[in-house]
Amino acid sequence: AAEELVKAASSEVESTSLSLGRETVSSLKKLSSDVASVKESLDTKVNTVNQNLGDIKGDLMKVQMELATLNETLKWQTKIQTLEWAFNNANHGSFSYYHGDEYNKTRNSLDLVRNILVSFRHGVGYYIND
């Protein structure tokens, strides 16, 4: 009878241990499933963030190109304004000079200066301070 009690107790311990093991396995499976779900959700969010960063990088490159274009346009406009000012004020300090072999005929420096300034305006001149 004692042997029967020991076997029954042993059987009950094994049954309880087996039941606890099954519960643990079940809990681990659920935990594994939850972790996989969270990982998938995070992967999706990371991919979305990466896509957004890529889009922002592309937008920033476009803005940089537009700023560079605007900067060049501003430089060109500044040069044109400077040439306009010089063209309008070229008569200050103008003088007459002899050109080539024609010593009996003088020319006014205003015409020469304005021709040079127009050449710069058409892009033929060379800016020294560039």
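Of all the criteria given as (1) in contact with a strand residue (DSSP E or B) (Cβ under 7 Å, 6 or more places away or on another chain); (2) surrounded by 13 or more Cβ atoms within 10 Å (Cβ to Cβ); (3) among the aromatic types (Phe, Trp, Tyr), the one not satisfied by Tyr97 is (2). In the stretch 88-98, the condition of being without any contact (Cβ under 8 Å) to a residue 60 or more places away in the chain and part of a helix (DSSP H, G or I) is met by at least one residue.
The single condition among (1) within 17 Å of Gly125 (Cβ to Cβ); (2) surrounded by 12 or more Cβ atoms within 10 Å (Cβ to Cβ) that Gln77 does not meet is (2). For Val13, are the conditions met, namely being assigned to a helix (DSSP H, G or I) and either of a type in the set (Lys, Arg) or under 51 Å from the mean Cα position of the chain (by Cα) (or both)? No: the conditions fail for Val13. A Cβ distance below 8 Å, combined with a sequence gap of six or more or placement on separate chains, defines the contacts here; from the stretch 101-130, residues that are within 17 Å of Ile80 (Cβ to Cβ) reach residues that are part of a loop (DSSP other than H, G, I, E, B) and at pLDDT 85 or above in the pairs Val113/Ala90; Val113/Ser94; Arg114/Ala90; Leu117/Ala90.
The values are calculated or read from the model by the stated rules, or taken from the named source; none is laboratory data. Since the model is a prediction, treat every value here as computed from it, not as a measurement. Cβ: placed from backbone, ideal geometry, glycine included. Neighbour counts: every protein chain shown.
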